[in-house]
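For reference, the structure discussed in these notes is given below.
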Amino acid sequence: MFENLTEKLQAVFKRLGKRGTLREGDVDEGLREIRLALLEADVHYKVVKDFIARVHEKAIGAEITKSLRPEQQIVKIVHQELIETLGEPGRLELTGPAPHVIMLVGLQGSGKTTTAAKLALQLRQTGHLPLMVAGDTYRPAAITQLEVLGRQLELPVHSEGQNVPPPKICADGVREARRRGSDVVILDTAGRLQIDDEMMAELEAVKKAAKPVETLLVADAMTGQEAVNVAGGFHQRIGLTGLILTKVDGDARGGAAISMRAVTGVPIKFLGTGEKIDALEAFYPDRLASRILGMGDVLTLIERAESAFDEEQAERMERKLREASFTLEDFLEQFQQIKQMGPLSQLLDMVPGMGQLAPNLSAEVTDEQLKRIEAIILSMTPEERRKPKIIDGSRKRRIAQGSGTSVQEVNALLNQFRQMQKMLKQLGKGKRGMRGLTRLFG
Ligand SMILES: Nc1nc2c(ncn2[C@@H]2O[C@H](COP(=O)(O)OP(=O)(O)OP(=O)(O)O)[C@@H](O)[C@H]2O)c(=O)[nH]1
Ligand SMILES: [Mg+2]
């Protein structure tokens, strides 16, 4: 559902990335575009305003981290603020003595009955014994719908027909759960076309009778901004402990998901992602934020690079490569940087386009080998590192001894280094290839 927004945001980041260095004007322009993209995705205007203000403040106040390219820095801030806006990870608070009652409320057709069954299934999978209660006596087929779902899942449903008031059915349901030893009760309630007083009064009565620990609003993401107003209305009147956003698999623009927590202060706990009975996901703000930005791997890479990667140094290396003045000393420096970033094979997997090269590389150059190579170079004198040509037989023996390796290994490294220099010179003729390599080794 976030496709459009994701595309727009990525376009903004890409444009920023082309600038090389960012001036404040560039940041402002980028933020204007991000603002538009969010508004077009139907995010509540107040949420957009706050969001942009926070990103602006951070972007301006941020220490210039040399380890990140400017547009990466913006991606990082936008990601962080998106997580902040989306709130905390959603989990059910099943506290107090069992049975724990979960009450589902919402407008007509928002997905309450389906979600009741989805929740029951998940709860059973995590070791609970749920009982569903048919508290919708208004729509003729509502009770049957829940009973059919119960039979499908082989889970019990408590119902008393259409002529008993819902507060009584729900209170009876809790008693029934106690009798059967069910530890969770899920109340399905009736929907209305819009929030009306009579409906709210009945929900209040159900709440009083069944004393739920969780009162969850089931809201249809497709209704966009309206969903935000609905949530506000329900929260004011009956008090919500959480939100379940359904139909996020549809072509909604995503605004509701981003706005609801910020506007209502009520946390999102689950996302309904399809009509199937297992299509219910626990809500994780960081995952959703990454999904919205559409750059999960890039974000991970940014995180790691931040602690180890120095852009200035990369530029210096690139210049050296271009001038073919790359020495063993530089080689060592690059190795040490790579080492700080984590296991080599993992890093290679994350570099876009490395898929084909990576299997060979990671098989050949293990982290253990990196350590030995480092030891060999460390045992050389600075002069030897700059001019490997002067390394004769006796120097090789000294280096091997100093690094706890063998003359063969020293030879192998020197050969590898010569080959690498040759390769780099060739690549240097095609600028793109060289850039890729500097990134890789920087
Ligand atoms: N694609 C998709 N469809 C969903 C999702 N959740 C529910 N639906 C569909 O939405 C329709 C309404 O779902 P119900 O569970 O009956 O909604 P309700 O809130 O109980 O409706 P009323 O009882 O009439 O108020 C059904 O066709 C469901 O299959 C979802 O996450 N994704
Ligand atoms: Mg229903």
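The values are calculated or read from the model by the stated rules, or taken from the named source; none is laboratory data. The structure displayed is predicted, hence computed values, not measured ones. Heads up, the Cβs are rebuilt from the backbone with ideal geometry, glycines too, and the neighbour counts pull from every protein chain shown. Just so you know, the surface numbers come from the protein's heavy atoms only, side chains and all, with ligands and any DNA or RNA stripped out. Shrake-Rupley method; radii C 1.70, N 1.55, O 1.52, S 1.80 Å.
Every residue in the stretch 391-424 that is among the aliphatic types (A, V, I, L, M), under 44 Å from the mean Cα position of the chain (by Cα) and more than 23 Å from Glu368 (Cβ to Cβ), please.
Correct list: Met423, Leu424.
Is there a residue in the stretch 379-395 that is at pLDDT below 75, assigned to a helix (DSSP H, G or I) and within 26 Å of Arg319 (Cα to Cα)?
Within the stretch 379-395, none of the residues are at pLDDT below 75, assigned to a helix (DSSP H, G or I) and within 26 Å of Arg319 (Cα to Cα).
Does Leu82 count as of a type outside the set (Gly, Ala, Ser), more than 16 Å from ligand 1 (Cβ to nearest atom), in a helix (DSSP H, G or I) and open to solvent by less than 10 Å² (accessible area, probe 1.4 Å)?
Against the criterion (of a type outside the set (Gly, Ala, Ser), more than 16 Å from ligand 1 (Cβ to nearest atom), in a helix (DSSP H, G or I) and open to solvent by less than 10 Å² (accessible area, probe 1.4 Å)), Leu82 qualifies.
Any idea which of Thr113, Thr144 is in a helix (DSSP H, G or I), closer than 21 Å to Ala205 by Cα, within 13 Å of ligand 1 (Cβ to nearest atom) and not aliphatic (A, V, I, L, M)?
Thr113
Pull out all pairs, ordered by first then second residue, where Cβ-Cβ is under 6 Å, the residues are six or more apart or on different chains, the first lies in the stretch 136-147 and is closer than 12 Å to Lys112 by Cβ, and the second is more than 9 Å from ligand 1 (Cβ to nearest atom) and among the small types (Gly, Ala, Ser).
Taking only residues 6 or more apart or on different chains, the pairs are Leu146/Ala134.
Which of the following residues is in contact (Cβ under 8 Å) with a residue 40 or more places away in the chain and more than 13 Å from ligand 2 (Cβ to nearest atom): Pro156, Pro130?
Pro130
Which of (1) over 26 Å from the mean Cα position of the chain (by Cα); (2) modelled with pLDDT of 95 or more; (3) more than 12 Å from ligand 2 (Cβ to nearest atom); (4) aliphatic (A, V, I, L, M) is the odd one out, the single condition Val105 does not satisfy?
Condition (3) is where Val105 drops out.
List the pairs whose first member sits in the stretch 243-271 and is more than 15 Å from Ala289 (Cα to Cα), whose second member is part of a strand (DSSP E or B) and aromatic (Phe, Trp, Tyr), and whose Cβ atoms are under 6 Å apart, counting only residues at least 6 apart or on separate chains?
Once the first residue is more than 15 Å from Ala289 (Cα to Cα) and sits in the stretch 243-271, its partners that are part of a strand (DSSP E or B) and aromatic (Phe, Trp, Tyr) give Ile244/Phe270.
Would you please list the contacts, defined by Cβ atoms under 8 Å and residues six or more apart or on different chains, that run from a residue in the stretch 397-411 that is farther than 11 Å from Met380 by Cα to a residue that is open to solvent by 60 Å² or more (accessible area, probe 1.4 Å)?
These pairs meet every condition: Thr405/Arg372; Val407/Arg397; Glu409/Arg372.
If a residue must be within 14 Å of ligand 1 (Cβ to nearest atom) and either buried (at least 19 other Cβ atoms within 10 Å of the Cβ) or hydroxyl-bearing (Ser, Thr, Tyr) (or both), how many such residues does the stretch 270-292 contain?
Of the residues in that region, 6 qualify.
Which members of the stretch 85-110 meet the condition of being surrounded by fewer than 23 Cβ atoms within 10 Å (Cβ to Cβ) and within 16 Å of ligand 1 (Cβ to nearest atom)?
Listed by number, the residues that qualify are Gly90, Gln108, Gly109.
Select from the stretch 135-153 the residues that are away from ligand 2 (no atom under 15 Å from the Cβ) and farther than 15 Å from Ile186 by Cα and write down the one among them that is most open to solvent (accessible area, probe 1.4 Å).
Only one residue fits best here, namely Arg151.
Right, Ile195: within 16 Å of ligand 1 (Cβ to nearest atom), hydrophobic (A, V, I, L, M, F, W, C) and surrounded by fewer than 17 Cβ atoms within 10 Å (Cβ to Cβ) or not?
Yes: the conditions hold for Ile195.
Looking at (1) over 15 Å from Leu217 (Cα atoms); (2) more than 19 Å from the chain's Cα centre (by Cα); (3) modelled with pLDDT of 75 or more, which one does Arg291 not meet, given that it meets all the others?
If we test Arg291 against (1) over 15 Å from Leu217 (Cα atoms); (2) more than 19 Å from the chain's Cα centre (by Cα); (3) modelled with pLDDT of 75 or more, just (2) comes out false.
Among the residues of the stretch 240-262, write down those that are part of a loop (DSSP other than H, G, I, E, B) and away from ligand 2 (no atom under 16 Å from the Cβ).
Hits for the stretch 240-262 are Leu240, Thr241, Val248, Asp249, Gly250, Asp251, Ala252, Arg253, Gly254.
Table: residues versus (1) of a type in the set (Lys, Arg); (2) within 30 Å of Lys211 (Cβ to Cβ); (3) at pLDDT 80 or above; (4) open to solvent by 10 Å² or more (accessible area, probe 1.4 Å).
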position: Leu243; (1), (2), (3), (4): no, yes, yes, no
position: Gly254; (1), (2), (3), (4): no, no, no, no
position: Val266; (1), (2), (3), (4): no, yes, yes, no
position: Leu299; (1), (2), (3), (4): no, no, no, yes
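Given the options Leu437, Leu332, Leu370, name the one that is within 23 Å of Arg319 (Cα to Cα), open to solvent by less than 20 Å² (accessible area, probe 1.4 Å), in a helix (DSSP H, G or I) and modelled with pLDDT under 85.
Leu332
Considering only the stretch 220-239, state which residues are in contact (Cβ under 8 Å) with a residue 60 or more places away in the chain and not in a helix (DSSP H, G or I).
Of everything in the stretch 220-239, those that are in contact (Cβ under 8 Å) with a residue 60 or more places away in the chain and not in a helix (DSSP H, G or I) turn out to be Asp220, Gly224.
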